[in-house]
Amino acid sequence: METRLGRFGRVVYQISDRLLTVLALATAASAPFYGLGELRADLVGSAATPPLASLAVLCLGLGLASRSLLRRDFVWIEPAKLAWSDFTDTRVIGIGRRLWAVWAIRFVVVAYLTLAATLVVAGSLRWLPVGIALFAATALLALVTARRRPGRGLRWVEQVGALLFAVLAGVLAVTTVGLGWLWLVVGLAGVGVLVAAVGSGRPRRPRAASTAGRAELVANFGERLARRMSVLFLDLLALLPAARPLPWPRLLAGRAVLARFVVAGALARRASLVLALLLVWAVAVVRLVFPLLDPVWLVGVGAYFAALPFAAALAQVRRVPGLRRWLGCTDPELRLTTAALVLIVTVLWLLVVALFGVPLTLGTGLAALLAAGAVVRTVGRPAMDYGNVGVAVSPDGNLVPTGLIVQLARGPEVLVIGLIVAGSGLAPGVVLLVVLGLAIFGTLH
Amino acid sequence: MEETDTGLGLVGRVLIEGLGIAAGDTWLFAGLDLDLPGGQAVALMGPNGSGKSTLLRCLYGMQPPTEGSIAVFGTVPDERSAAFRREVSVLMDDSALFDEFSPRQHLDLLLRSYPDAHYPADLVADLLAPAGLDHRVDVPAGDLSAGQRRRLLLLGCVARPHRLLLLDEPERALDTDGLDWLAGLVGESTAAGAAVVLASHSRRLVEACADQIVELG
């Protein structure tokens, strides 16, 4: 039997553990507010920022948070609970509570990022009333919409809605329009809340939860478990989006089947196009709000994350030997074909970003090329080898799995080294040679 | 595939000499000899844990034997070699399907990417219909039943060019008709000159298609 002292000790331990976590998070979150002057000098300098820069950051955050919430991955139940304690009505109410939590976390983060951007930019605060109204209306709209169970068509409308907020962010970042029409957007969002509220279920019983069947709950739980395990074991390639069936039955029937396979892999992940477009807006807005940030870095990192999901087919066959056997080609053939597709994606992405003010220079072009090489190196790496954890002790006494981190860095390291060289001010010929070498290395190794 | 004389003799056959495999301190089997020429099938039988799947993994070069030697067409098996993989077709526990691709798309991918593969005049009538998949030609593999997925995996193994076919419990999830169809597939493979090694618990399947039986355990 557990003694009172034992129980007390356990409670104290849990409280202190949580307190430490909260303190660590609070310290990390407050870091940008120390030395604001230096941060401002590094990111903004003496350049003129758009008058509504902070509002643009807010809109971008609202778009990303809404899109993330509308995936509805909060609708899950542990299969063991379904088997052993699913005899009352707690299933729906529990999911409803979870929705509140995930919604609050997302929009608190948006508020935090807007506050941080506002302090760094130190611009006018005349947007504050409309900004608060827009934040409240959009957060409510996202909450009410997430409670609904939309059909396939409406899901696309939701995604487009999230994208529109990102577009709004871009407009705000490049124009000096008056704030009056933004109240119209707030009004429209308010009307959207009222419309979406119809059919969203009773307050404690969101329709997305009450209409979810056992198969959906278990499938979502499985996906969540896979994501958590991937993060826990640093196997981040498992987080790449799964492929969806293609509506073209004869897509692989014809010549150049390897190219067809790689293209099919990208088309099967067509939902990632929304993320790629959001990244376009994110890079454009960040570039305008923080003009001293090097566009070469913005393009390199943005293109890498935009193109990564479209190369997931290579990761799929590298991770599962049984899938690789369906392809009779060699590994270099597969890598080169994937590289060609990824390069097309990164170059197209760069051209779209260039439409929104990011300069089209040798540096940004090389960044797109580097991103393609880094993507192929990332998705072409073998499955994580947990026999090579390589634990080392850090100076502050923590155990660090250096072996796993080295494996994880395979791909991004090519990008980072290349971007450092590209931004180093070396002669263009030297930069070109180094970046080309790194991109080829990334593709073939 | 470059054929090297390993000192074990002919290059047109699978030769096993004095093979022993231990799992920890326990020997699964030892002193196994086998001579399997092309055009013949051998069945591995025995209780669970007797080493059937392990022997198949050794034949595919996924793990080395504890003692003895294996030569597949004159070479030491090594699945890391692309040339070796092109000679040897396998159905193992790690065999998988692209959930997003249909049976037609799987076979298009397989038969158009393997050099020297024969693409049939009518994919559905010649391959998918005999497998009982003609009414599921364009259904994503993720939506097929366990038996239908198994049939597609088996079809993939046999449809591509191969000189050696390794099958680990191929009868799993198949119904009675499926067993007959599978025996026919193995027969077609041996008739085309391939050597076949299958690990199985189905006496009916083994009797229908094996020229030799090796009892393990």
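Points to keep in mind about this one:
- The simple spin-label model puts a point 7 Å past each Cα toward its Cβ; for A:Leu36 and A:Ile417 those points are separated by 4.1 nm.
- Test item: Cα-centred dipole of segment B:138-180, Lys/Arg +1 and Asp/Glu -1 on Cβ, debye: 280 debye
- Between the beta carbons of A:Thr90 and A:Ala122, assuming R0 = 56 Å, the FRET efficiency works out to 0.70 to the nearest 0.05.
- Fully extended contour minus Cα-Cα distance, from A:Arg71 to A:Trp100, at 0.36 nm per residue: 9.0 nm
- Förster radius 56 Å - calculated FRET efficiency between A:Arg207 and B:Asp126, Cβ distance, rounded to 0.05: 0.70
- Segment A:Glu78..A:Val157, full-extension length gain: 25.4 nm, with 0.36 nm per residue of separation and the alpha-carbon distance subtracted.
- Label point distance in nm, A:Thr27-A:Leu232, each placed 7 Å from Cα along Cα→Cβ: 2.6 nm
- DSSP beta bridges in the protein assembly as shown [antiparallel fraction, %, rounded to 5]: 55 percent
- If you take all other residues with their beta carbon under 13 Å from the beta carbon of A:Leu246, and give Lys and Arg +1 and Asp and Glu -1, the sum is +2.
- In loop segments of segment A:23-108 as defined by DSSP, the chymotrypsin sites (Phe, Trp or Tyr not before Pro) with at most 10 further C-beta atoms inside 10 Å of their C-beta are A:Tyr34, A:Phe87.
- Net charge dipole size for segment A:149-257 [Lys, Arg +1 and Asp, Glu -1 on Cβ; Debye, nearest 20]: 480 debye
- Sites matching trypsin sites (Lys or Arg not before Pro) across segment B:69-109 that sit in DSSP coil, with at most 12 neighbouring C-beta atoms within 10 Å: B:Arg80
- Total formal charge among the other residues, if their Cβ is under 14 angstrom from that of A:Pro412, Lys/Arg +1 and Asp/Glu -1: +2
- Taking Lys and Arg as +1 and Asp and Glu as -1, the other residues whose beta-carbon sits under 13 Å from that of A:Ala276 total +3.
- Using θ = phi - 60° in the Karplus curve 6.51 cos²θ - 1.76 cosθ + 1.60, the 3J(HN,Hα) couplings for segment B:159-176 round to 6, 7, x, 7, 10, 9, 10, 10, 10, 9, 6, x, 6, 4, 6, 8, 8, 4 Hz; x is entered for Gly and Pro.
- For B:Leu44, residues with placed amide H under 5 Å, excluding near neighbours: B:Leu198, B:Ala199, B:Ser200, B:Val214
- Residues whose amide H comes within less than 5 Å of that of A:Ala243, counting only those at least five positions distant or on another chain, are absent (H built at 1.01 Å from N in the peptide plane).
- For A:Gly201, distant residues with modelled amide H under 5 Å away: A:Arg207
- Overall form of chain A per C-alpha gyration tensor (a/c, 1.5; a/b vs b/c): rounded
- Here the Karplus relation 6.51 cos²θ - 1.76 cosθ + 1.60, evaluated at θ = phi - 60°, turns the backbone of segment A:142-151 into coupling constants of 5, 5, 5, 5, 5, 6, 7, 10, x, x Hz, with x for every Gly and Pro.
- Exposure proxy order (Cβ contacts within 10 Å, fewest to most) of B:Glu169, B:Glu215: B:Glu215, B:Glu169
- Counting neighbouring Cβ atoms within 10 Å and putting the fewest first, the residues A:Leu292, A:Leu408 line up as A:Leu292, A:Leu408.
- The label point for A:Ala111 and the one for A:Phe441, both projected 7 Å from the Cα toward the Cβ, are 4.7 nm apart.
- Residue-wise HN-Hα couplings along segment A:377-382, as the Karplus relation 6.51 cos²θ - 1.76 cosθ + 1.60 with θ = phi - 60° gives them from phi, are 5, 5, 6, x, 6, x Hz; Gly and Pro carry x.
- FRET E, pair A:Asp294, B:Trp27, Förster distance 45 Å, beta-carbon r, rounded to 0.05: 0.10
- Selection of chymotrypsin sites (Phe, Trp or Tyr not before Pro), segment A:214-285, meeting DSSP coil and at most 16 other Cβ within 10 Å: A:Phe233
- Per residue of peptide A:253-261, the mean number of Cβ atoms on other chains within 10 Å of the residue Cβ is 4.
- Ranked by how many other Cβ atoms sit within 10 Å of their own Cβ, fewest first, the residues A:Ser46, A:Ser54 fall in the order A:Ser46, A:Ser54.
Values in this text are rule-based calculations from the coordinates and carry no lab data. Please read all numbers here as calculations on a predicted model, not as lab measurements. Neighbour counts run over all protein chains shown; Cβ positions are idealised from the backbone, glycine included.
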